[in-house]
Amino acid sequence: MIIDFVLLLLVVVCGLAAVLYKNILNSIMILGAYSLLMAILWTRYNSVDVAFTEAAVGAGITTVLLLAALSRTLVEEEEPAAPKKALFPVIASISRLIPLGVVLLTGAVLVYGTLDMPNFGDPSAPANLHVAPYYIEKSHPETGVINFVTAILASYRGYDTLGEVTVIFTAGICVIILLRRRWS
Amino acid sequence: MEAMDIIAGKYNYWIYITLMMIGFYAVIAKGNLIKKVIGLNIFQTAVFLFYISLAVRTGSTAPILLQRAHGALTPETAVYTNPLPHVLILTAIVVGVSVTAVALALAIRIYQAYGTLDEYKIAKMEQDAE
Amino acid sequence: MTSHFPILVVIIPLFGALLTFFSGLTRRKWAWQITTLATFLSFAISLELLFSVHATGGISYHLGGWAPPWGIEYVVDLFSGYVLVVISFISLMIAIFSGEYVKKQIGPERETNFFVIYLLLITGLLGMIVTGDIFNLYVFLEIASLAGYALVAVGKKKGAIVASYNYLILGTIGAVFVLLGIGHLYMVTGTLNMADLRERLPDLYHSRVVLTAFVFFVIGFGLKFALFPLHTWLLSAHSLAPSAVSAILAAAVLKVNLYALMRVMFTVFTPAFIYEAVPIAEIFFVIAPIAIVVSSVMALAQTNIKRMLAYSSIGQIGYIVLGIALANETALTGSLLHMLNHALMKGGLFLIAGVIIYQTGRYHITDWKGLGKTMPLTMITFTICGLSMIGVPLTVGFVSKWYLAMGALEAGRWYFIPVILVSSLLTAMYFWRIIEWGYFHEPDDPADAADRCAVPWGMMSPIMLIAFLIVFFGVFASIPQELAHKAAVMLLGVR
Amino acid sequence: MTEQVIIRTVSRLMIPFIQLFALYVIAHGELGPGGGFQGGVILGASFVLHALVFGIKAGRERISRRVSDFFSPAGVFIYAAIGLLCLLGGGLYLEYDRLPLIDNEITASQLGIYGIEIGVGITVAAIMVTLFFETAERGDD
């Protein structure tokens, strides 16, 4: 319980630091730590499969891809271009606040929605009562698989997984068409 | 007391909302194109945390059938965490890395074409070109 | 085999994409042939599906043999069947067109991968249309989105990469919002199946979680289909992408994302919720007229043809949204008809712009002097599409605007009729400029007239077919009208 | 340069084990955590590690563009084709119970799941390799 709490705080700190650092290399490293902490947190929430994936993808592949991209671009965040002499300085300073406003508004909507949610960890939350128990009862007799996550992933919602593989294939082809230089 | 209950009972959700706001802010307010991708990752991971949190049942065990050591293969012997959100997030993580890869490819191409990764400088060059 | 059509319509383009990629590895130039064949098969199957649902009612297909809500379900009803036919038809037309176009505008070495991504885009779009599972919708949404981002960037224009990046960022924000919406719904219902959600939601209409989910769906999909004022990415993405890509983005991608929102609004949340529990119609009543008028004015100010067409798309989306908000059968019929019509008109116009740019390299309408003489066939098709955009009788554009206007009267909101009229007038002005430049000015260099007539038939024939259909369905309006009306009744009747 | 030597030696020793572990994870998804996707990522990461330690060029010698290009769609193809095989057996798409030529439904289901996990693993590994090399490779080297 205390560990979870500390982990959650660390995740927030890492998230903030990754955004605030000017040096992008630092940001990427902290992002890797952020993903790894997330993975540890998720193991504590019993989602071993997702934690495994997040550690391999979030902390592994994403970090490597970011570093590779960085090696072909710039390490430092540039100084922003000199602001144009605004006709109405008031409007210019307000427009800089728009992103913050959008973010706060989104946060407010989420908080509003969360007020009616069942408490965290509530065993009788509707999400755990309708479809999920069926998988837990039936997936082994019906598919012969012991890991419920694999049973759902590969069988009950196997078509989603086909879509998922198609997504990653699409990403591969997109990167090829965007970056490949020598085609022969 | 009720307010305390809301704050303490849903603490995980408050954390995910905070993270989402941090990531979202980086995506829309940061000028550097790679920084935006970093923000996008935080933004997406926050939503994953939301899904994982809603699957948690206090006192449950990982969604893998407890087996032979205890003799029986019946699921009733244990309370399991809801496996369905885990499946959804596995898919969503893949989507996340796919988007990151394509975004980085585009950022590299932009750097090759413009010599900068700053959104405002690029916008200015585009304006001048017109 | 017929019973498997709902899945085959999606899986055939996927296999097409894989085979195209394999053929590229063996250096065989079959990309275009496979693409055309796959989109043709999808179109044929869509037609058959539409006929059969029209005759016998909806089809449900259980993927993996698992009954919903435990497994994923595909649902073909009149609404999805109708949109399926529209999207697969337009994707076939653009696939045929792209054969010659891609060689010159995108380059031979990228040709194979262009078609691979094109087919993946079609897979994603068709999958979004037939799915009856809300998370599956998200997965296919992402396939279509990723393919769309890359297609915008494949052109030769430098700015297209930046446009694609911005499109990616906003599109991903939209997709994550949709994911959040799905999570909220799942949290309070425990299911992901759309039909099951519909049954479980009515008790929860006043739950804040459900309200929040709805807000995120509207904003998330709204970002994807460029709902005013979330349209900023559209202008550069649609105007800087290669014309064939602009055509598929405007004609198919926008439509399918709009379809997805309508699916969620009408079959997950039901009309009882969207018209009574939330003020979404009131919000659309404000947004839609602004979008319609402002975009027309902005289109009038453009000289770049593709930018003008991009602005006009925002207004056309406004019409469709207006019809949804009016909440009666007539207006919704108008909206559905406008989805078909806009797909034909805007798809056709972008393809024509593509032909003209392909032949002359001219983006600015002031440079289109005398095109009526040098490229007569192209200009005739352009005129037909333009007249339809204005809403002249005997074209499809008239039919849908008529239904929208009648729907506005029926809803007691006559004040939308002047909005439609003013916008039509503005549309007439911005298309008239082009027709005037084309027909009433002499070409700069009459000598190259003969040369310019030689547009490859592979590019001209889909455009001519689209122009023919615009007139055909304008004259025999009852064919799509009957389908659209039945679909509208079905959507509004799901109470 | 001693650091380089250590890293290289350790990597040379480790990579085969990482690859073995990746195959284990792909095959083991039915029993414990893991599966095609996780295993595929690890397999792809082993090639990426090789390229990071020994250089991009040496990495491409280990797994050439032709190979990764071939395997990228191959996995999706296996997956989607297993779905079609189920149609041949009279079932619905991806209904593994009806895979032709197999009598026992549970065996068929398990085989189907194995098949698609392998498909997922192949595509994911190949695409991870592709993503890394296309992102890291400069046009001029």
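The values are calculated or read from the model by the stated rules, or taken from the named source; none is laboratory data. These numbers were taken from a predicted model, which means no experiment stands behind them. Because the Cβ atoms are built from the backbone with ideal geometry, glycine has one as well, and the counts that use them run over all protein chains shown. What goes into the accessible areas is simple: the full protein's heavy atoms, side chains included, and nothing from ligands, DNA or RNA. Shrake-Rupley method; radii C 1.70, N 1.55, O 1.52, S 1.80 Å.
Work out, step by step, the length gained on full extension between C:Met464 and C:Ile283: first 0.36 nm times the residue separation, then minus their alpha carbon distance; give nm to one decimal. Mind dumping the intermediate values first?
Values: separation 181, 0.36 × 181 = 65.16 nm, distance 3.90 nm.
Full-extension gain reported as 61.3 nm.
With a 1.4 Å probe and every protein chain left in place, work out the accessible area per residue of chain A in Å², rounded to a whole number. Display every interim value, and only then the final one.
On the way: 7300 Å² over 184 residues.
Per residue, chain A has 40 Å² of solvent-accessible surface.
On the accessible surface of the stretch C:290-346, probed at 1.4 Å, how many percent belong to carbon and sulfur atoms? Walk me through the numbers before you get to the answer.
Details: 610 of 960 Å².
Here carbon and sulfur together make up 64 percent of the probe-accessible area.
Go through C:Lys224/C:Lys306; B:Lys36/B:Lys124; B:Lys35/C:Lys224; B:Lys124/C:Lys103; B:Lys36/C:Lys29 and tell me which ones have a Cα-Cα distance over 30 Å in this structure.
Details: C:Lys224/C:Lys306 19 Å; B:Lys36/B:Lys124 19 Å; B:Lys35/C:Lys224 23 Å; B:Lys124/C:Lys103 32 Å; B:Lys36/C:Lys29 39 Å.
Result: B:Lys124/C:Lys103; B:Lys36/C:Lys29 exceed 30 Å.
Could you list, bin by bin from short to long, the percent of Cα-Cα pairs of chain A in 10 Å steps?
Cα pair-distance distribution for chain A, in percent: 7, 18, 29, 27, 13, 4, 1, 0.
Say we join alpha carbon atoms closer than 10 Å with springs in a Gaussian network model of chain A; which of A:Ile28, A:Ile94, A:Ile40 then has the biggest fluctuation?
Judging by the Gaussian network model, the answer is A:Ile94.
Heavy-atom accessible area per residue, chain B, 1.4 Å probe: how many Å²? Write out the running numbers ahead of the final one.
Details: 4170 Å² over 130 residues.
Ligands and nucleic acids excluded, the result is 32 Å² per residue.
From the P(r) of the stretch D:15-89, can you give the percent of Cα pairs sitting at distances over 15 Å?
Values: 1801 of 2775 pairs.
Of all Cα-Cα distances in the stretch D:15-89, 65 percent exceed 15 Å.
Total Å² of accessible surface buried at the C-A contact, 1.4 Å probe, nearest 100? Display every interim value, and only then the final one.
Values: alone 18140 and 14890 Å², together 29070 Å².
So the buried area, both faces added, is about 4000 Å².
List, largest first, the extents of the alpha carbons of the stretch C:1-121 along their principal axes, each in whole Å.
In descending order, the Cα extents are 45, 26, 21 Å.
Could you tell me how far the Cα centroid of the stretch D:69-94 sits from the Cα centroid of the stretch A:114-165, in Å?
24
How large is the dipole of the stretch D:86-141 about the Cα centre if only Lys and Arg carry +1 and Asp and Glu carry -1, each at its Cβ, rounded to the nearest 20 debye?
Details: 2 positive and 9 negative charges, 29 e Å.
Around 140 debye, computed over the stretch D:86-141.
Please give the charge dipole size of chain D, origin at the Cα centre, charges +1 on K and R Cβ atoms and -1 on D and E Cβ atoms. Round to the nearest 20 debye.
Working: 9 positive and 13 negative charges, 112 e Å.
About 540 debye.
Nearest 100 Å² is fine: how much accessible area is buried between A and D, summed over both sides, with a 1.4 Å probe?
3700
Determine the relative contact order of chain B: mean sequence separation of Cα pairs under 8 Å and six or more apart, normalised by residue count, in whole percent. Display every interim value, and only then the final one.
Numbers: 115 pairs, mean separation 30.5, N = 130.
23 percent.
Taking the Cα centre of the protein assembly as shown as the origin and placing charges on Cβ (Lys, Arg +1; Asp, Glu -1), which of A:Ile2, A:Ile24, C:Asn257 is farthest toward the positive end of the dipole?
Highest projection toward the positive end goes to A:Ile24.
How big a patch of accessible area, both sides summed and in Å² to the nearest 100, lies buried between B and A at a 1.4 Å probe?
Values: alone 9490 and 14890 Å², together 16440 Å².
Approximately 7900 Å², summed over both chains.
According to the square roots a ≥ b ≥ c of the eigenvalues of the Cα gyration tensor, what is the shape class of the protein assembly as shown, taking rounded for a/c under 1.5, prolate for a/b larger than b/c otherwise, and oblate for the remainder? Intermediate results must be reported in sequence, preceding the final value.
Numbers: a/c = 1.45, a/b = 1.31, b/c = 1.11.
It comes out rounded by the Cα gyration axes.
Label points 7 Å out from Cα along the Cβ direction at D:Leu88 and B:Glu2: separation in nm?
My value for the distance between the label points is 6.4 nm.
Multiply the residue separation of C:Arg28 and C:Tyr415 by 0.36 nm, subtract the distance between their alpha-carbon atoms, and state the gained length in nm to one decimal. Please list the in-between numbers first.
Numbers: separation 387, 0.36 × 387 = 139.32 nm, distance 5.90 nm.
Length gained, C:Arg28 through C:Tyr415: 133.4 nm.
Take the Cα gyration tensor of the stretch C:149-261, multiply each eigenvalue by 5, square-root it, and list the three semi-axes largest first, rounded to whole angstrom.
Numbers: eigenvalues 219, 31, 22 Å².
After scaling each eigenvalue by five and taking roots: 33, 12, 11 Å.
Counting alpha carbon pairs within less than 8 Å and at least 6 residues apart, what relative contact order, in whole percent, applies to chain D?
Details: 196 pairs, mean separation 38.9, N = 141.
Dividing the mean separation by the residue count of chain D yields 28 percent.
Given +1 on the Cβ of Lys and Arg, -1 on the Cβ of Asp and Glu, and no further charges, what dipole in debye does the protein assembly as shown carry about its Cα centre, rounded to the nearest 20?
Details: 56 positive and 57 negative charges, 439 e Å.
Here the protein assembly as shown has a charge dipole of around 2100 debye.
Specify which residue in the list C:Asn113, C:Thr123, C:Leu137 is farthest towards the positive end of the charge dipole of the stretch C:84-159, using unit charges on the beta carbon of Lys, Arg (+1) and Asp, Glu (-1), about the Cα centre.
The residue sitting farthest along the positive end of the dipole is C:Asn113.
Could you rank the peptides A:165-173, B:19-27, C:25-33 by their average count of other C-beta atoms within 10 Å per residue, with the highest value first? Display every interim value, and only then the final one.
Working: A:165-173: 28.2, B:19-27: 24.3, C:25-33: 14.4.
Highest to lowest by the protection proxy: A:165-173, B:19-27, C:25-33.
So what is Rg over Rh here for the stretch A:131-178, counting just Cα atoms and using Kirkwood for Rh?
Details: Rg = 14.8 Å, Rh = 12.1 Å.
Dividing the radius of gyration by the Kirkwood radius yields 1.23.
Scan chain C and note any complete DSSP helix (H) whose C-alpha atoms cover at least 27 Å along its axis and whose Kyte-Doolittle average is -1.0 or more.
C:5-25, C:31-56, C:78-105, C:108-130, C:134-153, C:159-189, C:280-300, C:305-326, C:329-360, C:416-439
In the Gaussian network model of chain A, springs joining C-alpha atoms below 10 Å, which of A:Val13, A:Val102, A:Val145 carries the largest mean-square fluctuation?
Its mean-square fluctuation being the largest, the pick is A:Val102.
Let's test this: bin the Cα-Cα distances of the stretch D:80-131 at 5 Å from zero up to the farthest pair and state each bin's percent.
Distribution as computed: 5, 24, 25, 19, 11, 8, 6, 2, 0 percent.
Keeping all protein chains in place, calculate the accessible area per residue for the stretch C:170-265 (probe 1.4 angstrom), answer in Å².
On the way: 1750 Å² over 96 residues.
Using a 1.4 Å probe on heavy atoms only, each residue of the stretch C:170-265 averages 18 Å².
Once you average over the residues of D:73-86, how many Cβ atoms of partner chains fall within 10 Å of each Cβ? Let's see the in-between values first.
Numbers: counts 12, 3, 4, 11, 7, 1, 8, 7, 2, 2, 8, 5, 0, 2.
Going residue by residue through D:73-86 and averaging, the value is 5.
Beyond 39 Å, how much of the Cα-Cα pair distribution for chain C remains, as a whole percent?
Percentage above 39 Å: 18.
Inside 10 Å of the C-beta atoms of C:21-28, what's the mean count of C-beta atoms belonging to other chains?
Details: counts 11, 5, 0, 3, 5, 0, 1, 0.
If you average over the peptide's residues, the count of other-chain Cβ atoms is 3.
Spelling out what I want: for every residue of the stretch A:56-67, take phi, set θ = phi - 60°, compute 6.51 cos²θ - 1.76 cosθ + 1.60 (Karplus), and round to whole Hz; glycine and proline get x.
Coupling constants for the stretch A:56-67: 6, 8, x, 7, x, 4, 4, 4, 4, 5, 4, 5 Hz.
Which one, D:Ile106, D:Ile56, D:Ile118, has the greatest fluctuation when you compute a Gaussian network model over chain D with C-alpha springs under 10 angstrom?
D:Ile106
Would you calculate, for chain C, the mean residue ellipticity at 222 nm contributed by helices, counting each DSSP H stretch of 4 or more residues as -39,500 (n - 2.57) and dividing by all residues, to the nearest 500? List each step's numbers first, then the result.
Values: 21 runs with 370 residues, N = 495.
Per the formula, -25000 deg cm²/dmol.
Would you work out what percent of the accessible area of chain B, with all protein chains in place, is carbon or sulfur (probe 1.4 Å)? Display every interim value, and only then the final one.
Values: 2460 of 4170 Å².
With neighbouring chains kept in place, the figure for chain B is 59 percent.
Between Rg and the Kirkwood Rh of the stretch C:15-67, both from Cα atoms, what is the Rg to Rh ratio? It would help to have the intermediate numbers written out before the result.
Values: Rg = 15.9 Å, Rh = 13.4 Å.
The Rg/Rh ratio comes out at 1.19.
Compute the acute angle (0 to 90°) between the alpha-carbon long axis of helix D:65-88 and the principal axis of greatest extent of the alpha-carbon atoms of chain D; round to the nearest 10°.
It works out to around 10 degrees.
Hey, any idea what % of the stretch C:92-204's accessible area is carbon plus sulfur with a 1.4 Å probe?
On the way: 950 of 1950 Å².
The value for the stretch C:92-204 is 49 percent carbon and sulfur by accessible area.
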